[in-house]
Amino acid sequence: MSALHTRLRQLRSQAGHPPAPVPVRPGGATALPGPTGSPLSDDLRRLLQRHAELKRAPVRLDASDREVPGIELSPGLRYTECRIDWLQPRAIVDATFARMPPVDHRRLLHFDTETTGLAGGTGTRAFMIGAADWIDGQFRIRQLTITSIAAETAMLRRFAEWIGDDSVLVSYNGKCYDAPLLATRYRLARLPNPLAGLAHIDLLHPVRRHWKGQWENCRLATAERRLLGVVREDDLPGAEAPAAWLTYLRGGSARNLRRVAAHNAQDLKSLAGVLLSLAGMA
């Protein structure tokens, strides 16, 4: 007798009803009763059995694909860099849209993190940091990815080397999320916070000032579609990034971790595009 049928008999007994007879199929197979006492259909019975099997089955990880792009700077820390032709900013970018004075485009550092969650606190960490700037007429995208928790301090040190005393940070909701999270990680690692005191253009705020109530929302994906015509294909949603990293740490495939890197790189391109779109409106 199945556990489901036993439980139904117990519930009937507790309610003061006599136990329902157990239908038997030809050949002696027990037919699981439905809510009204009639046997379940074969399709529903197979579905219930399959569900029970999946709950009992151990999680299987595909360890055949463990390739994380880039070079290994130190144990557990991977680095990638690429330069692309992506927009051409003026030498001096008008930043009045962000209530800031004009900025030399070479000082702009676009940054974005991929993290283990959105809960905040000391338990949330960045497992990937992406940064982009214009150099020699091209847009340079650099990414740091840790493949072990022990490599976090090395990642933080390397990212700090990319930030100058006169850098102007560019982010999307970075003032409320990315920057405070990194400040916490630097503090826990007992390292100076390289973001402290720097000018910071958070593009979410001017986007909201211009288009709140006109667009369906003011997320970066909406801004890039509306302003840049960017429509992402095969994009891994940001909410799935933590699972991609944890799956890799547990010995699983790196496929989704590579998709996180692609998502992060597109975020950096979109930051630059939205910035220049807003500057052109000033």
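The values are calculated or read from the model by the stated rules, or taken from the named source; none is laboratory data. Small disclaimer: the values here were computed from a predicted structure and weren't measured. We place every Cβ from the backbone using ideal geometry, glycine too, and count neighbours over all the protein chains shown.
Could you grab me the full set of residues in region 148-186 that are of a type outside the set (A, V, I, L, M, F, W, C) and more than 23 Å from the chain's Cα centre (by Cα)?
Filtering region 148-186 down to residues of a type outside the set (A, V, I, L, M, F, W, C) leaves 148, 152-153, 157-158, 161, 164-167, 171-175, 177-178, 180, 184-186.
Glu161, Gly164, Asp165, Asp166, Ser167 - these are the residues of region 148-186 that are of a type outside the set (A, V, I, L, M, F, W, C) and more than 23 Å from the chain's Cα centre (by Cα).
What is the number of the single condition among (1) at pLDDT 95 or above; (2) out of contact with any His (no Cβ under 8 Å at 6 or more places or on another chain) that Arg56 does not meet?
(1)
Residue by residue through region 117-134, note down the ones that are farther than 22 Å from Gly252 by Cα, of a type in the set (A, V, I, L, M) and at pLDDT 95 or above.
Residues satisfying the conditions are Ala131, Ala132.
With over 17 Å from the mean Cα position of the chain (by Cα), over 18 Å from Glu67 (Cα atoms) and small (Gly, Ala, Ser) as the only criterion, which of Gly130, Gly123, Gly137 stands out? Break it down into steps so the answer makes sense when it comes.
On the way: Gly130 fails: over 17 Å from the mean Cα position of the chain (by Cα); Gly123 fails: over 17 Å from the mean Cα position of the chain (by Cα).
None of the others qualify; the one that does is Gly137.
Which of (1) under 17 Å from Leu109 (Cβ atoms); (2) crowded, with 21+ Cβ neighbours inside 10 Å does Glu161 not meet, given it meets every other one?
(2)
Sort out which residues of region 149-177 are over 23 Å from Tyr248 (Cα atoms), part of a helix (DSSP H, G or I) and among the small types (Gly, Ala, Ser), and write them in order of number.
Ala160
Select from region 66-118 the residues that are in contact with a Ser or Thr (Cβ under 9 Å, 6 or more places away or on another chain) and in a loop (DSSP other than H, G, I, E, B) and list them in ascending order.
Across region 66-118, the qualifying residues are Arg66, Val68, Pro69, Gly70, Pro75, Gly76, Pro102, Thr116, Gly117, Leu118.
Just to be sure before I move on: is Arg209 out of contact with any Phe, Trp or Tyr (no Cβ under 6 Å at 6 or more places or on another chain), over 21 Å from Ala261 (Cβ atoms) and assigned by TED's automatic domain parsing to the domain that holds Glu152 in the structure I sent? Break it down stepwise before answering.
Details: out of contact with any Phe, Trp or Tyr (no Cβ under 6 Å at 6 or more places or on another chain): yes; over 21 Å from Ala261 (Cβ atoms): yes; assigned by TED's automatic domain parsing to the domain that holds Glu152: yes.
Against the criterion (out of contact with any Phe, Trp or Tyr (no Cβ under 6 Å at 6 or more places or on another chain), over 21 Å from Ala261 (Cβ atoms) and assigned by TED's automatic domain parsing to the domain that holds Glu152), Arg209 qualifies.
If we only count helices (runs of 4 or more DSSP H) wholly inside region 178-250, which ones have 1 or more residues that are touching a strand residue (DSSP E or B) at 6+ places or on another chain (Cβ under 8 Å), among the acidic types (Asp, Glu) and crowded, with 20+ Cβ neighbours inside 10 Å?
Numbers: elements: 178-188, 204-211, 220-228, 241-249.
Per the criteria, 178-188.
Cβ-Cβ below 6 Å, separation at least six or inter-chain, first residue in region 74-98 and at positive phi and in contact (Cβ under 8 Å) with a residue 40 or more places away in the chain, second in a strand (DSSP E or B) and crowded, with 16+ Cβ neighbours inside 10 Å: which pairs?
Hits for this filter: Gly76/Ile146.
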